[in-house]
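The values are calculated or read from the model by the stated rules, or taken from the named source; none is laboratory data. Everything numeric here is computed off the predicted structure, so don't read it as measured data. Cβ sites come from the backbone with ideal geometry, for glycine too, and all protein chains shown count toward neighbours.
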Amino acid sequence: MKSEKGILKFAICNLQFAISMGILAFLIFANATTAASAKGSYGTASLMVIVERESGSVIVIDSSKHEFLGRISNLGNLIHATIKFSKDARYAYVIGRDANISKIDLLKLKVVKRVRAGEDSVGGVMTQDSKYVVLSNYVPGEVRILDAETLETVKSIKAEREYPDGRKVEARVVGLVDAPGNLLIFSMMDTDGTWVVDAGKKDFPVIKKFWDIGETPYDGLITPDGRYYIVGLLNSNWVGLLDTWDMAEVKRISTIRTKDDRGTEEDVVPLWKIPHLKGWAIAGDYAVLPAIKREVALVYSTRDWSIVKEIPISGTALYTVAGPDGRYVWVDLVGNNGDVIQVIDLKTLEVVKALNPGKGATHPQFTPKGDAVYISLMDDDKVVVYNPLTFEKIKEFPAKRPSGIFSTERAHKFGM
């Protein structure tokens, strides 16, 4: 009898404990749900991740609602930082100038992993299969390949050229893009070369090397379909063009309209900043690229890569960014009129609008379907949002010296 009472008492105690734990779990869940509801839920398909360069932080904005979500700090030196995204846009990889790379969970808004992958870095890409994050490093001169999950270094490809006299010159890596076939393409500033790497093979072999493509490569882009790689050159009157379908040569595409039109000394202006080629500068049958030391935007036909027109602009272009519909290109200026954004209509090939959003206007970035444009005002400590049809300001957000604006839509674009 005593044994039965003991068993009953033990069972009742266990039942009471289970009920208590159930109530506690419910309260925890209820509190978590309330906290999540208070913060609001969101997806990652239309987020804007914006660099605050001097403070070493980024802010995240939901561009579908134009709502500020949060700030992630302590990311290192973010001057000339770039951001890449995982294939599902769950994670952002912030690559700093000091070669620190921070993996950020965009749903939890926190850093989940951070490593140092070099000493001096100027960008990076995700491979087509999204397995690897790849850095283009100045110091050491290399392409550094990291596992996207763990951020462990998988391979370092030294960017070096050996000359006939036995000299070996290490080069700064620029213009790194991902390409169809799980390839990586990059150029070398100090040795005038372009290499192609097969990232689909275990040992990441360099499968093509092109030398003497032009003097001093500085950046590169790949067309949206992944067909053509274009490398900009600081000290040559052409850009290099590589057709990824045949990989036969890097062709010279002139940056002057006619062979006789070499320009005059009056046409040349100071190089305030080196233009950036990565962006949606390719729109339909046109490619719109910034000119070096000239106040023009160069319009090429993507059919034969001839120059169609040189469009005069009010300063030197830093970015030329085409909207998703390919109709308009927004150009931010440096040097003269550095606070101005100009809009080029690709139907007329003319500047149709000049905006003055504020001091240090830079880095226009369209939302995925082009219903809004985000612009950093570096010297006004804010980000402004414009309607690209009416050119009216929709909203603005406070930010600490904002610069690069990166949409998660880039997760699904080559070279972005």
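Among residues of the stretch 143-168 that are within 21 Å of Asp190 (Cα to Cα) and buried (at least 17 other Cβ atoms within 10 Å of the Cβ), none has a Cβ under 6 angstrom from a residue that is modelled with pLDDT under 95 and not basic (Lys, Arg) at a sequence gap of 6+ or on a separate chain. With respect to the conditions (1) farther than 26 Å from Gly226 by Cα; (2) out of contact with any His (no Cβ under 7 Å at 6 or more places or on another chain); (3) outside any loop (DSSP other than H, G, I, E, B), Lys400 falls short on a single one, namely (3).
If I ask for residues that are among the hydrophobic types (A, V, I, L, M, F, W, C), over 20 Å from the mean Cα position of the chain (by Cα) and within 17 Å of Ala92 (Cβ to Cβ), which ones from the stretch 38-68 would you list?
Phe68
Which count do you get for residues in the stretch 303-339 that are closer than 22 Å to Lys413 by Cα, touching an Asp or Glu at 6+ places or on another chain (Cβ under 8 Å), assigned to a strand (DSSP E or B) and not aliphatic (A, V, I, L, M)? Looking only at that region, the number is 2.
Filtering the stretch 317-354 down to residues that are more than 24 Å from Pro224 (Cβ to Cβ) and within 21 Å of the chain's Cα centre (by Cα), which residue is surrounded by the most Cβ atoms within 10 Å (Cβ to Cβ)? Checking each candidate, the answer is Leu333. Pairs linking a residue in the stretch 97-125 that is touching a residue at least 24 places away in the same chain (Cβ under 8 Å) and closer than 17 Å to Met416 by Cα to a residue that is outside any loop (DSSP other than H, G, I, E, B) and aromatic (Phe, Trp, Tyr), with Cβ atoms under 7 Å and 6 or more positions apart or on different chains, are Ile101/Tyr93; Lys103/Tyr91; Lys103/Tyr93; Ser121/Tyr138; Val122/Tyr138.
When the residues of the stretch 165-219 are narrowed to those that are in a loop (DSSP other than H, G, I, E, B) and of a type in the set (Lys, Arg), which ends up farthest from the chain's Cα centre (by Cα)?
Among those that are in a loop (DSSP other than H, G, I, E, B) and of a type in the set (Lys, Arg), it is Arg167.
Within the stretch 379-416, track down each residue that is modelled with pLDDT of 95 or more and of a type in the set (Gly, Ala, Ser). Within the stretch 379-416, Ala399, Ser403, Gly404, Ser407, Ala411 qualify.
Just one of (1) under 27 Å from Leu69 (Cα atoms); (2) assigned to a strand (DSSP E or B); (3) of a type in the set (S, T, N, Q) fails for Ser130. It is (2).
All conditions in (1) part of a strand (DSSP E or B); (2) buried (at least 17 other Cβ atoms within 10 Å of the Cβ) hold for Pro357, with the sole exception of (1).
Annotation: of all residues in the stretch 365-377 being surrounded by fewer than 23 Cβ atoms within 10 Å (Cβ to Cβ) and hydrophobic (A, V, I, L, M, F, W, C), the one that is farthest from Ser64 (Cα to Cα) is Leu377.
Annotation: Val206 fulfils all but one of (1) hydrophobic (A, V, I, L, M, F, W, C); (2) under 23 Å from His276 (Cβ atoms); (3) in contact (Cβ under 8 Å) with a residue 40 or more places away in the chain; the unmet one is (2). Residues that are without any contact (Cβ under 8 Å) to a residue 60 or more places away in the chain and among the hydrophobic types (A, V, I, L, M, F, W, C) were ranked within the stretch 381-406; the one that is nearest to Glu67 (Cα to Cα) is Val384. Summed over the stretch 234-243, residues that are touching a residue at least 24 places away in the same chain (Cβ under 8 Å) and assigned to a strand (DSSP E or B) total 5.
So in the stretch 150-164, with the set limited to residues that are in a strand (DSSP E or B) and out of contact with any Leu (no Cβ under 8 Å at 6 or more places or on another chain), which one is farthest from Ser102 (Cα to Cα)? This residue is Glu162. Of all the criteria given as (1) within 20 Å of Asp267 (Cα to Cα); (2) hydrophobic (A, V, I, L, M, F, W, C); (3) crowded, with 21+ Cβ neighbours inside 10 Å, the one not satisfied by Val308 is (3).
Okay, residues lined up against (1) within 26 Å of Glu409 (Cβ to Cβ); (2) out of contact with any His (no Cβ under 9 Å at 6 or more places or on another chain):
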{"residue": "Asp219", "(1), (2)": "yes, no"}
{"residue": "Tyr228", "(1), (2)": "yes, yes"}
{"residue": "Arg257", "(1), (2)": "no, yes"}
{"residue": "Tyr286", "(1), (2)": "yes, yes"}
{"residue": "Leu298", "(1), (2)": "yes, yes"}
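Of the residues Asp212, Asp219, Asp192, the single one that is under 24 Å from Val139 (Cα atoms), modelled with pLDDT of 95 or more and surrounded by fewer than 20 Cβ atoms within 10 Å (Cβ to Cβ) is Asp212. The numbered conditions (1) closer than 28 Å to Ala179 by Cβ; (2) out of contact with any Lys or Arg (no Cβ under 9 Å at 6 or more places or on another chain); (3) surrounded by fewer than 21 Cβ atoms within 10 Å (Cβ to Cβ) are all true for Gly96 except (3).
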